[in-house]
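Take a look at the structure below.
What follows draws every value from the coordinates through simple rules; no lab data is involved. Everything numeric here is computed off the predicted structure, so don't read it as measured data.
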Amino acid sequence: MKSLKLIAALVVASLLGSCNTFIGMGRDMKILGDGMENSANKANGGGGGDTSGAPVY
């Protein structure tokens, strides 16, 4: 039982330490999605703007 608690504590600590990594990954995914959306709009001849509404930290 003690080892399970220790493993859980280590997992939580590693997840809290990697928050900045996940924020950076989220930014990269947003940029990738924006680029794909812009390419699709150009291919369809439509205009459009930034309609994602995703926050940028």
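Here the extension length gained between D28 and A9 equals 3.9 nm, from 0.36 nm per residue of separation less the Cα-Cα distance.
Extension gain for the segment E37 to L16, taken as residue separation times 0.36 nm less the Cα-Cα distance, is 4.4 nm to one decimal. Return the lysines within reach of K42: Cα separation strictly under 23 angstrom, same-chain partners fewer than 8 residues apart disregarded; answer none if there are no such residues. Output for K42: K30.
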